[in-house]
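The values are calculated or read from the model by the stated rules, or taken from the named source; none is laboratory data. Quantities reported herein were computed from a predicted structural model and do not represent experimental measurements. So basically every Cβ, Gly included, is an ideal-geometry build from the backbone, and we count neighbours across all protein chains shown. Surface areas here come from the heavy atoms of the whole protein model, side chains and all, with no ligands, DNA or RNA. Shrake-Rupley method; radii C 1.70, N 1.55, O 1.52, S 1.80 Å.
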Amino acid sequence: MRITPHELHVSDPYFYTEIYAGPTRKREKDPRMVRLAGQPTSMFATVDHNLHASRRAILSSFFSRKSITGLETMIQGKVEKLMGRLATACDQGTVVPLDSASSALTADIISEFAYGVSLDYLDDPNFKNEVAESILSLASSVHVLKFFPFILSLSKIIPDSVVETLSPEASKILRLQKLVRAQAAVALKNGGHVKGKDTMFGALCNPSLPAEERTLDRLQDEGFSLIGGGTETTTGTLKIIMFNLLHNKSLLSKLREELAQNSCDTWAELEQLPYMVS
């Protein structure tokens, strides 16, 4: 069924493989849809199939099992910091909003992975998180930006004080973009090296890439996309997991019993638990 001159509504699960056809069949994105994110040179907003594939190849190794396993020490350190915050809240009898705590954890992880520098939202007393605020603001504005995409571009040239007055939501997005741009500038200045770490920004600054793929605007767009996608998606999963464990005491008891019976120091050991594979 055609719902607009450029859009179809498909109510057929078997048609999924026609739309998402895999790497051997070219599919290009709708420019009217991707432009609303305000990140024109990011992989997310790349319309051309071949250009998207080349940009994806730059970062694909960072999402391999081997790469993620190599982050285990860093991730564990962030988790232990959150556990400490939760233990303190328990002792003091204070309430911890799971969405804020989860967002702080995931934002700290993805920022260190992508930029080499953690945003340290887990250290904030209220888990204040500019990433989560910006992504939620962007999501709430999508229906407007779809039809008026120039708003984000316009907001970049208007003084911050004016944007704050006209649209507090847009100002949150701009603050995050400036934060990411600052990290991108540092990466470009140092040839992608951040404290000797292999980071996504480092890969994006690789001298072997064409010069047009190593601009400050390109790094800002990709960095914004990475931290936004890496924060709220994982946050949603964590919130659902924690809610169901706390809501269903039998599940929580089962998990705690298995953890008590098995000493798991690594993720490879943890994922072998019966509860994790059932």
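Kindly indicate whether Asp12 is of a type in the set (Asp, Glu) and either within 30 Å of Phe150 (Cα to Cα) or touching a residue at least 60 places away in the same chain (Cβ under 8 Å) (or both).
On the way: of a type in the set (Asp, Glu): yes; either within 30 Å of Phe150 (Cα to Cα) or touching a residue at least 60 places away in the same chain (Cβ under 8 Å) (or both): no.
Spelling it out, it is not the case that Asp12 is of a type in the set (Asp, Glu) and either within 30 Å of Phe150 (Cα to Cα) or touching a residue at least 60 places away in the same chain (Cβ under 8 Å) (or both).
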TODO: Examine segment 63-84 for a residue that is surrounded by 17 or more Cβ atoms within 10 Å (Cβ to Cβ) and of a type in the set (Phe, Trp, Tyr), and state whether such a residue exists.
DONE: no
- [ ] Would you tally the residues in segment 247-278 being part of a helix (DSSP H, G or I) and either within 28 Å of Phe113 (Cβ to Cβ) or within 15 Å of the chain's Cα centre (by Cα) (or both)?
- [x] 9
Open item on the list: When you scan segment 142-158, do you find a residue that is open to solvent by 70 Å² or more (accessible area, probe 1.4 Å), part of a helix (DSSP H, G or I), among the β-branched types (Val, Ile, Thr) and at negative phi, even just one?
Closed with: no
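Give segment 1-39 a look and list any residue that's aliphatic (A, V, I, L, M) and either surrounded by 13 or more Cβ atoms within 10 Å (Cβ to Cβ) or under 23 Å from Arg55 (Cα atoms) (or both), or say none.
Step one: list which residues in segment 1-39 are aliphatic (A, V, I, L, M), which gives 1, 3, 8, 10, 19, 21, 33-34, 36-37.
Answer for segment 1-39, where residues must be aliphatic (A, V, I, L, M) and either surrounded by 13 or more Cβ atoms within 10 Å (Cβ to Cβ) or under 23 Å from Arg55 (Cα atoms) (or both): Ile19, Ala21, Met33, Val34, Leu36, Ala37.
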TODO: Under 9 Å between Cβ atoms, at least 6 apart or on separate chains: pull out the pairs that start in segment 87-105 with a residue that is without any contact (Cβ under 8 Å) to a residue 60 or more places away in the chain and end on any residue that is buried (at least 17 other Cβ atoms within 10 Å of the Cβ) and assigned to a loop (DSSP other than H, G, I, E, B).
DONE: Val96/Phe127; Pro97/Phe127; Ser100/Phe127; Ser100/Asn129; Ala101/Phe127; Ala104/Leu119; Ala104/Phe127; Ala104/Asn129
Open item on the list: List pairs: first residue in segment 205-230 and part of a loop (DSSP other than H, G, I, E, B) and modelled with pLDDT of 90 or more, second residue exposed (fewer than 14 other Cβ atoms within 10 Å of the Cβ) and not polar (S, T, N, Q) anywhere in the structure, Cβ distance under 9 angstrom, at least six positions apart or on different chains.
Closed with: Arg214/Pro207
Task: Criterion violated by Ser250 - all others in (1) in contact with a Cys (Cβ under 7 Å, 6 or more places away or on another chain); (2) farther than 25 Å from Lys66 by Cβ satisfied - done: (1)
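Conditions (1) within 30 Å of Phe148 (Cβ to Cβ); (2) small (Gly, Ala, Ser); (3) in a helix (DSSP H, G or I); (4) within 17 Å of the chain's Cα centre (by Cα), marked per residue:
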site: Arg27; (1), (2), (3), (4): yes, no, no, no
site: Ala45; (1), (2), (3), (4): yes, yes, no, yes
site: Leu51; (1), (2), (3), (4): yes, no, yes, no
site: Thr69; (1), (2), (3), (4): no, no, yes, no
Task: Selected residue (criterion: nearest to Val180 (Cα to Cα)) from residues of segment 191-203 that are without any contact (Cβ under 8 Å) to a residue 60 or more places away in the chain and touching a helix residue (DSSP H, G or I) at 6+ places or on another chain (Cβ under 9 Å) - done: Gly192
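Name the one entry in Ser134, Ser161 that is touching a residue at least 40 places away in the same chain (Cβ under 8 Å), farther than 26 Å from Glu72 by Cα and either out of contact with any Lys or Arg (no Cβ under 7 Å at 6 or more places or on another chain) or not β-branched (Val, Ile, Thr) (or both). Steps first, answer last, please.
Working: Ser161 fails: touching a residue at least 40 places away in the same chain (Cβ under 8 Å).
When all the criteria are applied, what remains is Ser134.
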- [ ] Return a yes/no flag: does segment 204-215 have any residue that is touching a helix residue (DSSP H, G or I) at 6+ places or on another chain (Cβ under 7 Å) and over 22 Å from Ser60 (Cβ atoms).
- [x] no
Task: Breaking point among (1) on the phi < 0 side of the Ramachandran plot; (2) open to solvent by less than 70 Å² (accessible area, probe 1.4 Å); (3) without any contact (Cβ under 8 Å) to a residue 60 or more places away in the chain, for Ser42 - done: (3)
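Among Val186, Val163, Val180, Val194, which is the only one that is within 20 Å of Tyr121 (Cα to Cα) and either more than 19 Å from the chain's Cα centre (by Cα) or modelled with pLDDT under 75 (or both)?
Values: Val186 fails: within 20 Å of Tyr121 (Cα to Cα); Val163 fails: within 20 Å of Tyr121 (Cα to Cα); Val180 fails: either more than 19 Å from the chain's Cα centre (by Cα) or modelled with pLDDT under 75 (or both).
Checking each option against the conditions leaves just Val194.
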- [ ] Just give me the residues in segment 109-135 being over 27 Å from Asn190 (Cα atoms), open to solvent by 20 Å² or more (accessible area, probe 1.4 Å) and among the aliphatic types (A, V, I, L, M), in sequence order.
- [x] Ile135
